[in-house]
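Just below is one structure, and these are the notes that go with it.
The values are calculated or read from the model by the stated rules, or taken from the named source; none is laboratory data. What you are looking at is a predicted structure, and each value in this text was computed from that prediction instead of being measured. Because the Cβ atoms are built from the backbone with ideal geometry, glycine has one as well, and the counts that use them run over all protein chains shown. SASA here: full protein model, heavy atoms, side chains in, ligands and nucleic acids out. Shrake-Rupley method; radii C 1.70, N 1.55, O 1.52, S 1.80 Å.
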Amino acid sequence: MSNLNHETVLSVHHWTDTLFSFTTTRDPAFRFENGQFAMIGLEIDGKPLLRAYSMVSPNFEETLEFLSIKVPDGPLTSRLRNVKEGDTVLVGQKATGTLLLHNLLPGRILYLLGTGTGLAPFMSIIRDPRVYERFEKVVLVHGCRLVDELAYSERIREEFPRHDYFGELIAEKLLYYPTVTRQPHRNRGRITELLQSDKIGADLSIPPLDADKDRVMLCGSPQFLFDMRELMEGMGMQEGNQTKPGEYVIEKAFVER
Ligand code: A2P
């Protein structure tokens, strides 16, 4: 397990019966770009059991934060959900991922679209000042079934705009659009439908998604990613990668989960 750091859990927050987050210590040598993920897990019967987890915390913070679902019979999450302050969590030493600014062409508005725990990588990206240098506005859309699953919504709205380092940028340029599908809420509906009907643009008073001008990052359930890819390819947008930046990028690690 030489490629794994042993980190100590500092705090745990249970959002719902199916969703929790936790913070850990961070090995100073562990480097990552905002939007990336690492392999995280626990030692079970002497062996590491790991899954891909995006860093919620931005790369300039001294601690790490992760957001996780609780799968009742999930080999890892059924155990990880019980971690407590002081417990040890394994963190892979190499971070990777496709949700990177340099995989996207320059543009006007950056859309960060996530369902469920797909919010996680965007939590670090929205705290990256470079994002706001590259785009006029950043639109964070988080789609969940239930209101309580809108993790971090209070921090995004209340705490982040007042932050010493990135607060002004967030207050000026970040538009946060939480939406819920199975409960009453001021924003209701699936992200795919809200984009197609331009409800998001209308509610936020911004122009409709424009394939030539705007850029998109996606993270969420496989079916969401599939449907969004079809929608964007249909608009003439192309997926970007390290060698050829494009109009959108998808976090594929989630597809394999
Ligand atoms: P819905 O309640 O209509 O299924 P999940 O918890 O299943 O990952 O879903 C998280 C959110 O993503 C829910 O609001 C869900 O809506 C939505 N969702 C699921 N599949 C899609 C899809 N193919 N396109 C858009 N949104 C989706």
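Here are some notes:
- FRET efficiency for the residue 213 to residue 238 pair, using the beta carbon distance and R₀ = 22 Å, is estimated at 0.95.
- Burial order of peptide ranges 234-244, 11-21, 113-123 (average beta-carbon count within 10 Å, highest first): 113-123, 11-21, 234-244
- Overall form of the stretch 110-257 per C-alpha gyration tensor (a/c, 1.5; a/b vs b/c): rounded
- Extension gain, residue 29 to residue 105: 0.36 nm times the residue separation minus the Cα-Cα distance gives 24.3 nm.
- For residue 3, net neighbour charge (Lys/Arg +1, Asp/Glu -1) across residues whose Cβ lies under 15 Å away: 0
- The chain - percent of accessible surface contributed by carbon and sulfur, probe 1.4 Å: 48 percent
- The chain: Rg to Rh, with Rh as the Kirkwood radius over Cα pairs: 0.95
- Tensor-based shape of the stretch 1-85 (alpha-carbon gyration tensor, a/c under 1.5 rounded, otherwise prolate or oblate): oblate
- Of all DSSP beta bridges confined to the chain, the antiparallel ones make up roughly 55%.
- Counting only Cα atoms, the size of the stretch 12-138 along its three principal axes is 49, 32, 21 Å, in decreasing order.
- Cross-link partners for residue 173 among the lysines, with Cα-Cα distance under 30 Å and sequence neighbours closer than 8 places in the same chain left out: 137, 199, 213, 244, 252.
- Accessible surface area normalised per residue over the chain is 47 Å², counting heavy atoms of protein chains with a 1.4 Å rolling probe.
- With N counted as the residues of the stretch 77-141, its alpha-carbon radius of gyration over 2.2 N^0.38 Å works out to 1.45.
- Relative contact order for the chain, counting Cα pairs under 8 Å that sit 6 or more residues apart, in percent: 20 percent
- Sequence-distant contacts, meaning Cα pairs under 8 Å at least 6 residues apart, place the relative contact order of the stretch 67-171 at 22 percent.
- Computed per residue of the chain from DSSP H runs no shorter than four, each worth -39500 (n - 2.57), the mean residue ellipticity at 222 nm is -4500 deg cm²/dmol.
- The angle separating the long axis of helix 222-234 from the principal Cα axis of greatest extent in the chain is about 30 degrees.
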